[in-house]
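These notes concern the structure reproduced below.
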Amino acid sequence: MANRDDDYSDSRGGDDQSYDQSYDDNGTRDTRDNDDADRRYEDDPDGYNKGKSYNDDGEDAQLNGNEDPDRMNLTSSALRPFVIISSSYLLFTITDGAIRMIVLLHAYNKNFSAFEVAIMFSLYEVAGVVTNLLAGFMGANWGIKVTLISGLSLQLVAYGMLFGWQDDWDKNTAIIYVTIAQMFAGIAKDLTKLGGKTVTKLVTPEDQDSKLFKLVSLITGWKNSLKGVGYFLGSALLQISYFTALITMMVLVLLAMPWVILSLDRNLGMAKTKNASFMEIFTLNNKNLNWLSLARLFLFASRDFWFEVPLPFYLRSPDCLGLGSTFCNTDADCGRSAICGLDSGICENLNIGGGCGGLGMDRVYVGIFLGGYIILYGQIQSWSPQLVIGPLDQSPPNKLAAVFWNFINCLPTVIMAFVMHFAVAFINYKVPSMTIWLIAIIGVFAFIFAVNSAIHSYLVVKYAEADKIAVSVGFYYMSNALGRLFGTISSGILYTWAGENLGPEAGTNATAGLAACFLAGTFSSLLAAVVTLMIDDQEEGLKCGGCCFLIPAASGASQAYDDDKIDENDDEQYDDGFDDRDQYDKQY
């Protein structure tokens with residue numbers, strides 16, 4: 001029996017489907033009194049953990065206090081920070097999604113080009129790069145409470161500044177002013193996100209990788225869904241007025257602040273062993289985290305090459321036919337999203353810099369389209385462990401699962417680029433068919449990208465050091481912001497100038513511009529997959545369901561798996577049919 005336990009200790013890993021049993025450093029099974037479920041293990045020459053408390057299942061009960069992780073509920077002291085921070089983070093996320101739609105659609109109606117709007121968002125993303133570095137430092141030294149309050153406060157500053165955007169400003173003045181306002185919004189987002197991401201690690205026990213994966217996926221997925229709600233609210237409130245949209249979002253930010261100020265421990269998230277130095281922000285000694293961060297850069301660029309600026313511009317842009325040639329008396333005589341020139345009496349593009357050849361949607365429908373994508377993406381991300389990764393037997397995921405899904409991420413964007421160039425629907429401007437193509441391809445991309453994002457969100461907290469979680473997550477999301485910056489600026493350039501110029505009343509060919517953006521996103525996904533291959537985390541191989549390995553597990557891991565793993569049904573038999581571990585050992 002001792003030999004079996006030694007092998008079992010080597011093979012159990014961190015999966016929560018393994019035996020819930022405690023082992024010492026030498027692989028010898030700890031024994032305990034069955035009548036005392038919280039027995040302390042005293043100093044022992046064989047390496048027992050001194051003074052550590054265990055629950056009925058042999059799991060560590062020391063989680064942010066003396067909470068049993070299997071008995072935690074929403075009122076427990078261990079989960080209270082999670083509830084408060086997550087609620088504030090999710091409420092903030094609505095305002096983060098709304099501010100992008102408010103600025104983008106308001107700028108479109110003021111005749112700003114895609115490239116000019118991309119510049120407006122540039123400091124939002126640059127601020128994310130710097131803030132993620134400093135937020136990790138702040139979180140490690142001053143706690144998550146400080147970063148969360150700072151983020152909510154700066155969001156109020158950003159919305160307050162947008163009240164000052166004047167209609168009579170020249171373009172350069174407006175771009176500079178709005179870009180600075182967006183900078184504060186970018187700082188706010190990443191300060192607030194730090195708390196929402198790191199609290200999952202702080203409330204999840206060590207060696208509970210699957211539970212951590214599900215918790216990270218849940219909070220991240222709901223964050224993205226509520227950001228989609230923000231996209232819709234921002235565009236819908238613009239139909240009432242620009243100022244109504246701003247005031248509504250400021251009220252939501254104010255609702256989140258009291259709970260954070262009054263209920264959070266200021267020490268939450270601080271480094272436990274010593275204060276983090278500024279150089280620790282870069283965590284250059286963590287190879288896996290560094291490669292994952294670079295892969296994250298290309299992964300998010302693959303989406304933002306076409307999503308954040310080009311897609312909403314394309315959805316708003318009118319049909320090219322008749323622009324500059326059709327005479328008119330009112331806007332109704334022109335196509336959707338086209339206007340009748342006051343001086344010329346000829347149909348013109350509402351926004352020359354936005355191009356033509358798109359779907360000509362009203363602002364509220366653009367918000368519904370983009371918001372629907374983000375809500376779908378968020379919900380898939382929330383349930384990806386149960387609906388996708390679990391059935392494929394890839395949970396908890398490793399680097400091979402990330403590479404696999406990165407390659408799949410290339411398919412919808414390359415297909416869409418090909419369709420926009422060669423499909424009859426886009427050549428002959430068949431709006432119903434164009435709409436179906438866009439919904440289908442973007443919906444498939446949302447599914448695949450959600451799985452990718454869920455895997456990445458899990459891997460970052462897996463690779464991060466527990467007592468430097470704020471620093472590690474801050475460094476990782478710095479790369480996320482760099483990817484968004486790279487994708488956003490590049491997308492503005494591609495969308496604005498890739499298509500042929502069709503005249504001063506029409507602008508450029510927006511279909512060709514968006515197709516170029518989709519193609520750039522494809523190459524970015526490929527780079528993410530290649531970079532992820534550099535991570536050292538492949539011992540368990542890559543499975544595709546319970547019957548086959550796409551990539552076999554390492555020989556040692558495979559042998560241990562074959563010899564020692566008892567499946568979930570046997571584990572349930574232990575839980576339900578045996579009174580103690582010794583009785584279970586005799587059976588197996």
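The values are calculated or read from the model by the stated rules, or taken from the named source; none is laboratory data. These numbers come from a predicted model, not from an experiment. Using ideal geometry, Cβ is built from the backbone for each residue, glycine included, and neighbour counts are taken over all protein chains shown. Please note that ligands, DNA and RNA were not included when accessible areas were found on the heavy atoms of the full protein model with its side chains. Shrake-Rupley method; radii C 1.70, N 1.55, O 1.52, S 1.80 Å.
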* Which order do T522, T173 take when ranked by solvent-accessible area (1.4 Å probe, heavy atoms of all protein chains), largest first? -> T173, T522
* **Three-way shape label, segment 84-190, alpha-carbon gyration tensor, a/c 1.5** => prolate
* Determine by what factor the alpha-carbon radius of gyration of segment 291-378 differs from 2.2 N^0.38 Å, reporting the quotient. => 1.42
* **Around G234: net Lys/Arg minus Asp/Glu count, Cβ-Cβ under 12 Å** => +2
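Pairs K189/K223; K399/K462; K110/K430: which are spaced more than 23 Å apart, C-alpha to C-alpha?
Numbers: K189/K223 12 Å; K399/K462 11 Å; K110/K430 28 Å.
Over 23 Å Cα-Cα: K110/K430.
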* Structure fact -> Quick calc: nm separation of the 7 Å Cα→Cβ label points for D170 and H421 -> 4.0
* In segment 323-397, carbon and sulfur make up what percent of the accessible area (probe 1.4 Å)? -> 60
* Structure fact -> Env charge @ I94, Cβ radius under 13 Å, K,R +1 / D,E -1, value +3
* Order of exposure, largest accessible area first, which applies to L514, L254 with probe 1.4 Å -> L254, L514
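For segment 369-468, take the alpha-carbon Rg, divide it by the Kirkwood Rh, and send me Rg/Rh.
On the way: Rg = 16.5 Å, Rh = 15.1 Å.
My calculation puts Rg/Rh at 1.10.
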* Karplus couplings for segment 490-506 from phi (6.51 cos²θ - 1.76 cosθ + 1.60, θ = phi - 60°), rounded to Hz, Gly and Pro as x? -> 5, 5, x, 5, 4, 5, 6, 10, 6, x, 5, 6, 9, x, x, 8, 10
* Structure fact -> Output row, site I240, 7 Å Cα→C-beta label point, backbone N cut-off 19 Å, window segment 104-123, residues 104-106
